[in-house]
Amino acid sequence: MPEFNARILIIDDEPANVLLLEEFLSDTKTHIRSITDSRMAEQVFNDFEPDIVLLDLHMPVLDGQEVLRRIRGARDRLGFLPVIVLTSDTSRIARNSALLLGANDFLTKPLDRTEVILRVRNLLRMRELFLSLPASSWPADSDPGKT
């Protein structure tokens, strides 16, 4: 995992999925914040200022696509901030919609521990490299996933 104290935000309406992800990432030197109510996502995102978001796609009330829309502005402020979408929906439409809205990666359930750890690690390394750049060198649109 990266050298900096990365903050991981997990948003999934299923407590069992949240516990599984927390267990997968428990040996990493990161701070993890998890929520199961997607209505809290925007506020928790702004308060916690995560370095990566693990986001379920299909949730009641606010689905993952709506959460992506709502945090887009904050992602602009924080620079490159990766989002990994987690879902059991393997349809091309779900994948393309999430990527179009700014997701950086896409994992299908059931989740594989090693794959989750490796993808989180790789995206956190990219985030760390981005943060090491002087802010004046950040591009105006510093999030490559933003459309």
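Apply the Karplus parameterisation 6.51 cos²θ - 1.76 cosθ + 1.60, with θ equal to phi minus 60°, to every residue of segment 110-124 and state each ³J(HN,Hα) to the nearest whole Hz, in sequence, with x for glycine and proline.
x, 7, 9, 3, 4, 5, 4, 4, 5, 5, 4, 4, 4, 6, 5
Within the chain, what's the longest run with no trypsin sites (Lys or Arg not before Pro) in a DSSP loop and at most 14 other beta-carbon atoms within 10 Å? Give the range, please.
Looking at the chain, 30-145 is the longest stretch - no exposed trypsin sites (Lys or Arg not before Pro) with at most 14 other Cβ atoms within 10 Å.
Suppose each label sits 7 Å from its Cα in the direction of the beta carbon; what would the Leu99-Ala74 distance come out to in nanometres?
Each label point is offset 7 Å from its Cα along the Cβ direction, giving 2.6 nm.
Starting from the alpha-carbon convex hull of segment 7-134, give the projected area averaged over all orientations, in nm².
7.2
Please compute the contact order of segment 7-134 in relative form: average sequence separation of alpha-carbon pairs under 8 Å and at least six residues apart, divided by the residue count, as a percent.
Values: 183 pairs, mean separation 29.8, N = 128.
Computed value for segment 7-134: 23 percent relative contact order.
Taking H as built 1.01 Å from N, whose amide H comes closer than 5 Å to the amide H of Ile10, not counting residues under 5 places away?
Under 5 Å from the amide H of Ile10: Arg33, Ser34, Ile35, Leu54.
Between Val85 and residues 5 or more places away or on another chain, which pairs have amide H atoms under 5 Å apart, with H built 1.01 Å from N, and which residues are they?
Leu55, Asn104, Asp105, Phe106, Leu107
What is the sum of charges, Lys and Arg at +1 and Asp and Glu at -1, for the other residues whose Cβ falls under 12 Å from the Cβ of Asp63? Write out the running numbers ahead of the final one.
Values: positive: Arg39, Arg69, Arg70; negative: Asp12, Asp13, Asp56, Glu66, Asp89.
With Lys, Arg at +1 and Asp, Glu at -1, the net is -2.
Nearest 500 deg cm²/dmol is fine: what mean residue ellipticity at 222 nm does the chain get from its DSSP H runs of n ≥ 4 alone, each adding -39,500 (n - 2.57), divided by its residue count? Intermediate values should be presented prior to the final figure.
Numbers: 5 runs with 62 residues, N = 147.
It lands at -13000 deg cm²/dmol.
Can you tell me how much longer the chain between Arg121 and Asn5 gets when fully stretched, taken as 0.36 nm per residue apart minus their C-alpha distance, in nm with one decimal?
Result: 40.5 nm gained on full extension.
Tabulate in residue order the Karplus-calculated ³J(HN,Hα) for segment 20-25, using 6.51 cos²θ - 1.76 cosθ + 1.60 with θ = phi - 60°, rounded to whole Hz; enter x for Gly and Pro.
4, 5, 4, 5, 4, 9
Only the coordinates and a few stated rules stand behind these numbers; no lab work does. Worth saying up front: this structure is predicted, and the values here are computed from it rather than measured. Every residue, glycine among them, receives a Cβ derived from its backbone with ideal geometry; neighbour counts consider all protein chains shown.
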